[in-house]
Each structure stands twice: as C-alpha cells, then as structure tokens.
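Colleague: I'd like to ask some things about the structure below.
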Amino acid sequence: MSPWLPLVVFVAVLNLLIFVIIRDRWGSITLLLLLAAIGGAVVGDLIGARTGLEPLRIGDVHVVTASIGAQLAMLVVVLLAALGPERTAQITPRRRSRSTGQRKPRATRPAADEDEEGPRIAGRGSRER
C-alpha cells in the first residue's frame, strides 16, 4: 500500500506552485488556495479512481485527474474572490517625528512672469496660446 495522503498533498502543493507562478501573485489568498488545491486533488483523485481513465498513476494516486481537480478548485477560489467585495485600506495620516522640522512651502512665481518668458514646449505647465 502506498502513502496516499502525502502523495495527494505533494500533487496539490506542486499544482499550487505552478498556479502561483503563472499568476505571478503571492498574497493573503495563498493559504486558501492551498486548501482548495488539496481538496481539489482529493476529489480529482477519487474521480480518476471511479472512472478508471488514468494514463499516469503513482501508487494509488491518479496524478492527471488530481492535478486537474486541484487547478479547477484554485480557479474557482480565485474567481469567487474576484467577485467578492473589495477591501479598502483606511489611510491614517503619518505622525511627524521630532527630528523632522516643518517644511517650508514652495515659492511660486506670479502668473505675470509666465507671459514674459519665451515659448514653452507643449506638455507640462504650458498654456494654449
């Protein structure tokens, strides 16, 4: 008898790493993706055992159907997370430390000085004439 559970968890973790590399995102959802991958791998393995259509087996684990189950479960979790409400971070003002002094405001030139200058390149700060 082969160690079924460690092999299923190994297949799930391998699929999770592939999924995260393709998405190129690590985040707070990764733990939930791990649980979904393990659950999907178990369900996929059971489906592979029931149907008997498995080209690749390692011991008692049906690798292809377990991988498909893990990938589909992670995809469902990501899609459900995208449909849920967005988190908005509340921004709190930063406190000034004692070592930093008050900053002086920038000196601005009067608008009359701009008319005396030569032509400006179109872009930032230019006016239509």
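The values are calculated or read from the model by the stated rules, or taken from the named source; none is laboratory data. Since this is a predicted model, take the numbers as computed values, not measurements. Here Cβ is always computed from backbone atoms with ideal geometry, including for glycine, and neighbour counts include all displayed protein chains. Calculation scope for accessible area: heavy atoms of the full protein, side chains included, ligands and nucleic acids excluded. Shrake-Rupley method; radii C 1.70, N 1.55, O 1.52, S 1.80 Å.
Colleague: From L16, L35, grab the single residue that is modelled with pLDDT of 90 or more, open to solvent by less than 20 Å² (accessible area, probe 1.4 Å) and either over 17 Å from the mean Cα position of the chain (by Cα) or of a type outside the set (D, E) (or both). Walk me through it before giving the result.
Modeller: Numbers: L35 fails: open to solvent by less than 20 Å² (accessible area, probe 1.4 Å).
Only one candidate qualifies: L16.
Colleague: Still on this model: For the stretch 47-59, enumerate the residues that are buried (at least 16 other Cβ atoms within 10 Å of the Cβ) and assigned to a helix (DSSP H, G or I).
Modeller: If the condition is that a residue be buried (at least 16 other Cβ atoms within 10 Å of the Cβ) and assigned to a helix (DSSP H, G or I), then I47, G48 are the ones that fit.
Colleague: Six or more apart or on different chains, Cβ under 9 Å: which pairs go from a residue in the stretch 60-85 that's under 11 Å from V42 (Cα atoms) and assigned to a helix (DSSP H, G or I) to one that's of a type in the set (S, T, Y) and open to solvent by 30 Å² or more (accessible area, probe 1.4 Å)? Could you list them?
Modeller: Between residues of the stretch 60-85 that are under 11 Å from V42 (Cα atoms) and assigned to a helix (DSSP H, G or I) and residues that are of a type in the set (S, T, Y) and open to solvent by 30 Å² or more (accessible area, probe 1.4 Å), the close pairs are T65/T51.
Colleague: With modelled with pLDDT of 75 or more and in contact with a Ser or Thr (Cβ under 7 Å, 6 or more places away or on another chain) as the only criterion, which of G48, G40, G69 stands out?
Modeller: Details: G40 fails: in contact with a Ser or Thr (Cβ under 7 Å, 6 or more places away or on another chain); G69 fails: in contact with a Ser or Thr (Cβ under 7 Å, 6 or more places away or on another chain).
None of the others qualify; the one that does is G48.
Colleague: Would you check if V43 is open to solvent by less than 60 Å² (accessible area, probe 1.4 Å) and part of a helix (DSSP H, G or I)?
Modeller: So V43 does not fit the description; no.
Colleague: In addition: Consider T88 against the criteria (1) open to solvent by 80 Å² or more (accessible area, probe 1.4 Å); (2) among the β-branched types (V, I, T); (3) not in a loop (DSSP other than H, G, I, E, B): it satisfies all of them except one. Which criterion is unmet?
Modeller: (3)
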